1. Just checking: which of the strands (runs of 3 or more DSSP E) contained wholly in segment 55-118 hold 3 or more residues that are farther than 22 Å from Pro196 by Cβ?
2. Out of curiosity, is Ile352 surrounded by 15 or more Cβ atoms within 10 Å (Cβ to Cβ) and part of a loop (DSSP other than H, G, I, E, B)?
3. Just give me the residues in segment 226-250 being over 30 Å from Lys330 (Cβ atoms), among the charged types (D, E, K, R) and within 42 Å of the chain's Cα centre (by Cα), in sequence order.
4. When you check Ile169 against the structure, is it among the β-branched types (Val, Ile, Thr), within 28 Å of Thr33 (Cβ to Cβ) and touching a helix residue (DSSP H, G or I) at 6+ places or on another chain (Cβ under 6 Å), yes or no?
5. Quick one: Arg153 ticks every box in (1) free of Cβ contacts under 8 Å to residues at least 24 places away in the same chain; (2) open to solvent by 60 Å² or more (accessible area, probe 1.4 Å); (3) not small (Gly, Ala, Ser) bar one, so which box is it?
6. For segment 283-303: of the residues being closer than 16 Å to Ile205 by Cα and at pLDDT 80 or above, which is most open to solvent (accessible area, probe 1.4 Å)?
7. Against the definition (out of contact with any Phe, Trp or Tyr (no Cβ under 6 Å at 6 or more places or on another chain), acidic (Asp, Glu), over 24 Å from Tyr590 (Cβ atoms) and not in a helix (DSSP H, G or I)), how does Glu450 come out, yes or no?
Amino acid sequence: MGLLDNIIGADAPGAAEKRFTSLRLETDNVPATIKEISAEYKIAPSEIDLMLLSTQTFVKMPESDKPVEFAPAMIGRISEDPLLNNSKFFIRQVHRITFKQLTPHRDLRLDIDVMANSFRTRAIANIKPESKLHYFNNLREWLIDELNKIKLRYGMILGVREGTLLTDIGNLVNKIRVHNCVNEPFKVTLCDWIAPTPTIDDDLILHFKNKKAPGENERIDYADRGFIKTVEIGELLVEYVKPKSGVAGRDFRGAFIPALKPKTRFVPILLPDLDSIEVKEDENSIQYFSKKKGYVTYRQVESRLFISDTLELESVDFKNTGNINAGIDKDVKISVRGGSSYEDHIGPNTKIEASEIEVAGSVASGAQIKVERLKVDGQTHSTSVIYAKEAEIGVHKGMLEGKTAKIDRLEHGKVNAETVEVNRVLGGMIWARTIKIGTLHSHATLVASESITIDQLVGGENRFFIEAAATKEDRCYFGQLVEKNKKMQKEIEEYFTRYNRKRLLLLQNKTQIEQIRERIDSDRLAGKTSPSIFTDRYKQYLEEMKKTRLMHDELENMQGRRSVMENEIDLIQSRVLNALVINNDCWRNYNEVRFRIAMPPKEIVFVPLEDSRPSRIHLELTGLEEYTIRITEWSQP
């Protein structure tokens, strides 16, 4: 049965063609009533206007059995939080309203956006500048009536917890009184009820597992599976969020919002290793911090958490571990000890970064290792790349960079380090400050800046180079130093040209300036004022003299800086004169010894004779840029 059926009857003439004009009803749910009228009369809800005639407020207090009607003057008693947060409290309003066809006002129009929070406890009306408003005597009452209509459309309780509604309306009226319009957006608080405090379920946050998302221009390494998680001292590892009951609320329709009971899913909580984990607890959470560097071990079944510094693995490969990035500064030692020394324990194309690695087997093709200390019992593939401050390798065929390297057998591999010791060399290249070799076979290139020592020579076609900067780092630094020296020399030459031009110009004008000075002195003694052309010229000359002196001082500073730089270059180059090539065995087959001078570029070559005795070879400066190779021989014991 429709709304009009209550008035005209379902069988009344004209019932099939209903036309809406006005309707007076009592309702406790205005939004639902508007929806029913809209459906009954095929009219849009926005075209239905309403006129509030009266409101009855029914309240059931927690201690009462049934609701009673509250007079408007008593409504202020039911605005307190403790009362509204009581689930036994009840409030309901019944409105007597005339619903009618909307007729737009000729001079007044509110253009409004209504915003409410997710709990429907607070609502704000944003009055737009497009509104058609001007000041008149009853503007305040008109605004209250219009805003109450909006509250009714949203089902809001009237007259209770309206916040700053009346104050906001008063401020709006004052603005309109001044500007005779709404000149900028204006916010009016419609109501401010009690938002509930959300219930917090317990949670276990594994911070150490959270990975940083790659940046927009960063490549994703799909081989990095985060097999181990390394941490610094004082890093937050795990956080247990304690369950906490929420606080109930009540929305602007008067409905009670209950607080849910929190869920507890992670009890019992962690059992940390107190030697490596620090526990901090407050009313909200329990936090677990690292007390040392290392990698985190979390055993979920046992709820155990601790930090270790040694990780033992059977192998490192894409299938089982993926790449391992433990960081060279995290004090994590990785021990890979599966199978024999001939098996690839570090798989093809894998990447490892840690402070220390021990590998019982071999390093496969394309593998990349970056560590502080490395020990490989097996061999390294020719395409492997290793960066290790200290390295000890069985058989090396790949590329190694570091500070100190000890290798049992070098087979056409490459080594760049400060100190290199190799038991047996079967081809390859070494760049170092000092090189010591037990047995040297053939086709090796050895580059050093301090010394090359051979205990036994059994092959030929080896080349020995002595250079001021042999290692990669030294070559880079020395190259930069030489380039800076060349650049400064050019700057000095250009600066000297500008300085000399000014100096010569001053000398050319010196006689004329002295005559001008005498004229100025004579005029001063005679009590006369010298012509400005003379005084200005003299002042200009003095200024140029001052600038020239400053240029002279700067030129001396530049030459001093260049002299310091040249002394450093000479000191580095002097390594060549102090360096030695020592062969403790007889020279066999064809071998070359070359001493390289960087500035000016020069190379002095010496080819030891076949079967010549053990010798110590060094370079001697015999004159200006003239060098001679000196050889000291001795008999084998």
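The values are calculated or read from the model by the stated rules, or taken from the named source; none is laboratory data. These numbers were taken from a predicted model, which means no experiment stands behind them. Virtual Cβ from ideal backbone geometry, glycine too; neighbours counted across all protein chains shown. What goes into the accessible areas is simple: the full protein's heavy atoms, side chains included, and nothing from ligands, DNA or RNA. Shrake-Rupley method; radii C 1.70, N 1.55, O 1.52, S 1.80 Å.
1. Ranges flagged: 68-70, 90-101.
2. no
3. Lys242, Lys244
4. yes
5. (1)
6. Restricting to residues being closer than 16 Å to Ile205 by Cα and at pLDDT 80 or above, the top hit is Asn284.
7. In short, yes.
Quick grid of which residues meet (1) over 19 Å from Thr321 (Cβ atoms); (2) in contact with a helix residue (DSSP H, G or I) (Cβ under 8 Å, 6 or more places away or on another chain); (3) not hydroxyl-bearing (Ser, Thr, Tyr):
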| position | (1), (2), (3) |
| --- | --- |
| His345 | no, no, yes |
| Ile352 | no, no, yes |
| Ser355 | no, no, no |
| Val359 | no, no, yes |
| Ala364 | no, no, yes |
| Lys370 | no, no, yes |
| Leu374 | no, no, yes |
| Ala391 | yes, no, yes |
